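Below is one structure, written out as structure tokens; comments come after it.
The values are calculated or read from the model by the stated rules, or taken from the named source; none is laboratory data. Every value quoted in this text rests on a predicted model; they were computed, and no experiment measured them. Methodologically, a virtual Cβ is constructed for each residue, glycine included, from the backbone with ideal geometry; neighbour enumeration extends over all protein chains shown. With ligands, DNA and RNA removed, areas are computed over all heavy atoms of the protein, side chains included. Shrake-Rupley method; radii C 1.70, N 1.55, O 1.52, S 1.80 Å.
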There are 2 protein chains.
Amino acid sequence: MVNPERFLADLHKLRSFGASGVGNGVVRPAYSEADLAARDWLSEQMAAAGLEVQMDATGNLFGVTEKPSLLLGSHSDSQPEGGWLDGALGVIAALEVARASREADGPPVSVVSFQDEEGRFGVTTGSAVWTGHLEQTVADALTDHTGVSLASARAGLADRVTGPVDARRFTGFIEMHIEQGPTLDTSGGKIGVVTDIVGIRDMRVTFDGQQNHAGTTPMHLRRDAFQALAAFSTGLSDRLRNIVTPQTVWTIGHVSLHPNASSIVPGRVVFSMQWRDAQTDRLARMETVIRTLADEIAEAHGLTVRFGPVLGLDPVEMDATLRARLEDAAEREAPGAWRAMPSGALHDATNVASLMPVAMVFVPSIGGISHAFEEDTTEQDLVCGLRVLARAAAQR
Amino acid sequence: MVNPERFLADLHKLRSFGASGVGNGVVRPAYSEADLAARDWLSEQMAAAGLEVQMDATGNLFGVTEKPSLLLGSHSDSQPEGGWLDGALGVIAALEVARASREADGPPVSVVSFQDEEGRFGVTTGSAVWTGHLEQTVADALTDHTGVSLASARAGLADRVTGPVDARRFTGFIEMHIEQGPTLDTSGGKIGVVTDIVGIRDMRVTFDGQQNHAGTTPMHLRRDAFQALAAFSTGLSDRLRNIVTPQTVWTIGHVSLHPNASSIVPGRVVFSMQWRDAQTDRLARMETVIRTLADEIAEAHGLTVRFGPVLGLDPVEMDATLRARLEDAAEREAPGAWRAMPSGALHDATNVASLMPVAMVFVPSIGGISHAFEEDTTEQDLVCGLRVLARAAAQR
């Protein structure tokens with residue numbers, strides 16, 4: 001029913017929008033020229049598959065059937081330096097399943113590519129707005145790390161926007177994705193059927209000290225924002241030790257020093273503080289530790305600290321019925337080579353779960369590597385995932 | 001003899017090139033459009049003062065007399081976010097003294113504005129090349145934090161370049177400068193006559209780890225470049241404690257994380273490591289501590305570390321004769337309100353000291369603030385410094 005060659009060809013075609021030139025790497029951040037070109041190409045494929053193309057004001061792109069249908073998809077924006085499968089796999093697999101189902105007179109299947117899943121402006125921004133977790137007006141005020149607002153970025157969508165897309169036309173949502181972790185790859189598993197998605201918190205923190213000359217300012221008079229951040233970062237690992245599990249993670253992935261010159265004591269640092277766990281209450285306890293320590297460090301170093309809004313999503317369970325359909329399909333396509341597992345990564349499915357039943361299916365990531373140009377999955381595993389998705393979607 | 005109004009007017013005119021719009025702040029990094037425009041204007045003033053305008057291939061700008069002469073000056077490039085007096089004061093004071101001396105048939109005085117003192121590409125790059133401390137071909141390969149090479153930056157000088165400027169035509173060099181520290185301001189001093197300039201070392205360090213997904217990579221498997229930097233920075237303060245003096249300083253002022261996104265474990269960090277002290281052997285002992293600790297941290301975190309070339313300058317003493325002329329002038333212009341003092345900041349005079357006798361004179365910095373838009377000095381103190389410089393230059 002599904003056509004593996006057509007599916008792989010489309011996957012490579014999507015990769016060509018923003019291809020980094022390094023392996024299969026992709027640079028296609030939300031609202032970039034490459035992202036918009038990719039969405040234009042996806043629109044053409046949706047239309048050719050007999051779907052009605054709709055784009056909402058945030059840039060979420062849908063290809064919908066006339067009748068109520070299951071929704072399949074993911075996102076087609078990438079990390080600043082991303083792989084070719086993160087998000088893209090789920091979108092192209094959805095396209096192929098929808099197309100094949102229509103060709104075979106199967107059940108109607110609609111397709112979505114959400115916008116800004118990778119968080120240029122927030123966290124899963126497009127699906128958060130579509131599902132009502134984030135007001136468009138609030139989202140519009142979010143800025144990326146260079147100071148560009150979402151409002152001005154989405155102005156570039158121009159006349160692609162057709163209007164709101166009613167979620168009630170969809171009976172459920174299944175997102176296929178690469179695992180982005182080492183579990184399937186190291187265990188020889190082919191398919192992961194997701195049980196739940198861990199929650200995430202993301203907060204921008206600013207330390208304000210005193211910018212000054214790096215030669216004439218004695219060490220004991222300095223209010224060095226970077227030294228405060230270093231002390232915060234090393235101290236945090238100690239403080240969190242007693243409340244986390246081996247699955248809990250926290251990351252300082254973005255750091256912006258000001259003015260960022262070797263001969264100047266840094267007067268300000270803005271950095272990202274992100275943490276993830278499967279328990280909502282643990283996420284809250286971690287936030288308390290983070291805020292308390294940052295306050296203490298600021299006090300000790302003679303600085304002030306400011307906390308941005310806490311963005312993020314609570315942990316969510318997958319829908320039992322859709323999950324059973326995926327498990328059944330997995331057992332048929334990869335007997336004995338699939339497992340039930342949690343998702344350590346955040347996905348658009350988290351947002352969509354508040355509107356309809358959702359489920360997710362994973363294929364292996366080679367070496368567990370993702371959010372990097374090296375990200376990859378064997379063609380055999382990609383096609384196996386496609387067949388599982390198609391089989392689950394075909395069940396009535 | 002010197003004209004304070006003309007001097008202050010010229011100082012404000014120079015400020016207008018790259019004026020930041022924040023207080024008296026200036027954004028005029030070496031080879032920028034603003035820097036080149038400022039050098040064009042300075043050339044006109046030099047010519048109008050009867051000096052022959054010469055620019056060497058690095059962009060150092062001279063206004064020279066026919067006969068051998070004393071050389072006065074400093075630099076007219078600024079920090080990425082600089083004040084209006086750092087460097088500019090010494091250049092405009094030199095211009096006024098040279099102009100006034102010529103008007104009064106005094107001794108010949110030449111003027112210089114060195115290029116890239118602020119280290120867009122290295123450390124006092126322009127004077128380092130002029131004095132033979134740095135080969136032009138080596139300098140050309142230096143890159144700024146955005147990857148632009150000095151070779152391509154100086155191509156923008158175009159036909160301004162007249163050729164090499166022979167240092168043997170100058171009998172000595174006096175650099176007037178703001179203190180950039182709190183000593184004069186807090187003690188009520190008007191003039192500082194510099195005894196020696198502390199040495200500086202500046203090295204770019206890179207930690208290479210493994211970029212990965214911030215949700216699916218367990219903490220114990222991470223090779224996070226930022227965590228390594230934080231551990232290095234906090235550890236360094238402990239390690240240096242036993243070998244430094246209260247005047248010793250060290251700074252991590254520039255940090256560049258890669259890829260610098262909140263949802264990605266940083267795979268690489270490049271940062272600046274700078275340290276300063278009046279003793280050459282202490283600078284060397286600090287370098288050993290820095291390299292050893294970085295190696296240990298890299299080993300402990302599963303990363304590799306790379307060290308760039310160690311740039312910098314050794315500590316230098318000021319010339320006794322020129323210093324005595326400045327002390328005599330200071331006692332006449334600011335009786336009882338001047339002091340002999342070391343310079344904690346690096347200056348072009350450090351490089352020039354290998355070619356001819358050099359000396360330096362300081363005026364107060366309000367609040368000790370420099371390398372910031374807030375940098376300032378009272379007009380009274382500026383003019384007092386000008387008179388001291390003029391008086392010292394007039395002595396035969």
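From the helices alone, meaning DSSP H stretches of at least four residues, give me the mean residue ellipticity at 222 nm for the protein assembly as shown, per-run term -39500 (n - 2.57), in deg cm²/dmol to the nearest 500.
Roughly -10500 deg cm²/dmol at 222 nm, from the helical runs in the protein assembly as shown.
Taking each pair of different alpha-carbon atoms in the stretch A:259-318 once, compute 1/r for the pair, average those values, and report the inverse of that mean as the Kirkwood hydrodynamic radius in Å to one decimal.
About 14.0 Å, per the Kirkwood formula over Cα pairs.
Mind checking which lysines have their C-alpha under 26 Å from A:Lys190, skipping anything on the same chain fewer than 8 residues away?
Counting by Cα, and skipping residues close in sequence, A:Lys190 has these lysines nearby: A:Lys13.
Relative to the compact globular guide of 2.2 N^0.38 Å, what is the alpha carbon radius of gyration of the stretch B:49-134, as a ratio?
Compactness ratio reported: 1.11.
Where in chain A are the DSSP H helices whose alpha-carbon span along the long axis reaches 27 Å or more and whose Kyte-Doolittle mean is at least -0.5?
Correct list, ordered by number: A:280-301.
If one takes the accessible area of chain B alone plus chain A alone and subtracts that of the pair, with a 1.4 Å probe, what total in Å², rounded to the nearest 100, results?
Roughly 4600 Å² of accessible surface disappears when B and A pair.
Please give the average number of partner chain Cβ atoms lying within 10 Å of the Cβ of each residue in A:262-274, rounded to a whole number.
Whole-number average of other-chain Cβ neighbours for A:262-274 is 6.
Where a ≥ b ≥ c are the square roots of the eigenvalues of the C-alpha gyration tensor, would you call chain B rounded, which needs a/c under 1.5, or, failing that, prolate if a/b is larger than b/c, or oblate?
prolate
For B:Val138 and B:Thr171, calculate 0.36 nm times their separation in residues minus their Cα-Cα distance, and state this gained length in nm to one decimal.
Extending this stretch completely gives an extra 9.0 nm.
So what does the Cα-only Debye profile of the stretch A:19-162 read at q = 0.15, 0.17 Å⁻¹, as log10 I(q)/I(0), no solvent term?
-0.72, -0.90
Run through all the Cα pairs of the protein assembly as shown and give the fraction in each 20 Å bin from 0, expressed as whole percent.
Histogramming the protein assembly as shown at 20 Å steps yields 16, 39, 27, 15, 3, 0 percent.
Find out how many positive minus negative residues lie around B:His258, taking Lys and Arg as positive, Asp and Glu as negative, among other residues whose Cβ is under 11 Å from that of B:His258.
Counting the neighbours of B:His258, the net charge comes to -1.
How many percent of the alpha carbon pairs in the stretch A:184-229 exceed a separation of 13 Å?
73 percent
Tell me which residues come under 5 Å, amide H to amide H, from B:Ser354 once H is placed; ignore anything under 5 positions away on its chain.
none
At 1.4 Å probe size, with the rest of the protein present, what percent of the exposed accessible area of the stretch A:247-296 is carbon and sulfur atoms?
The nonpolar share, carbon plus sulfur, comes to 45 percent.
Would you please give the residues with an amide H less than 5 Å from that of A:Gly73, counting only those at least 5 places away or on a separate chain, with H modeled from the backbone geometry?
Long-range HN contacts for A:Gly73: A:Val112, A:Ile174, A:Met176.
Restricting to the protein assembly as shown, compute how many DSSP beta bridges are antiparallel as a %, nearest 5.
65 percent
Scan the stretch B:89-154 for GluC sites (Glu not before Pro) in coil per DSSP, keeping those whose Cβ has at most 15 other Cβ atoms within 10 Å, and list them by number.
Listed in order of number, the matching sites are B:Glu135.
Run the label-point distances for A:Asn242 please: 7 Å along Cα to Cβ, every other copy, nanometres, shortest first.
A:Asn242 label point versus its equivalents elsewhere: 3.2 nm.
Could you work out, residue by residue across B:74-84, how many beta carbons of other chains sit within 10 Å of that residue's beta carbon, and then give the average as an integer?
Going residue by residue through B:74-84 and averaging, the value is 2.
Find the percent of Cα-Cα distances in the stretch A:202-337 that exceed 17 Å, and round it to a whole number.
Within the stretch A:202-337, distances greater than 17 Å cover 65 percent of Cα pairs.
Taking square-rooted eigenvalues a ≥ b ≥ c of the alpha carbon gyration tensor, is the stretch B:93-252 rounded, prolate or oblate, where a/c under 1.5 means rounded and, failing that, a/b exceeding b/c means prolate?
oblate
For peptide A:231-243, how many partner chain Cβ atoms fall within 10 Å of a residue's Cβ, on average?
Counting other chains' Cβ atoms within 10 Å and averaging over A:231-243 gives 2.
Distances in nm, one decimal, shortest first, from A:Arg168 to the same residue in every other copy, taking the label point 7 angstrom along Cα→Cβ.
Copy-to-copy label distances at A:Arg168, shortest first: 9.4 nm.
What FRET efficiency comes out for the pair A:Arg241/A:Ala151, r = Cβ-Cβ distance, R0 = 45 Å, nearest 0.05?
For A:Arg241 and A:Ala151, the calculated efficiency is 0.65.
For the peptides A:351-364, A:303-316, what is the packing order when you average, over each peptide's residues, the other Cβ atoms within 10 Å and list the highest mean first?
The packing order, highest mean first, is A:351-364, A:303-316.
List the distances, in nm to one decimal, from the label point of B:Pro218 to the label points of the same position in every other copy, shortest first, placing each label point 7 Å from Cα along the Cα-to-Cβ direction.
4.9
Could you report the protein assembly as shown's accessible area per residue, 1.4 Å probe, as an integer in Å²?
Computed with neighbouring chains in place, this is 36 Å² per residue.
How many percent of all Cα-Cα pairs in the stretch B:229-280 sit more than 14 Å apart?
Beyond 14 Å sits 62 percent of the P(r) for the stretch B:229-280.
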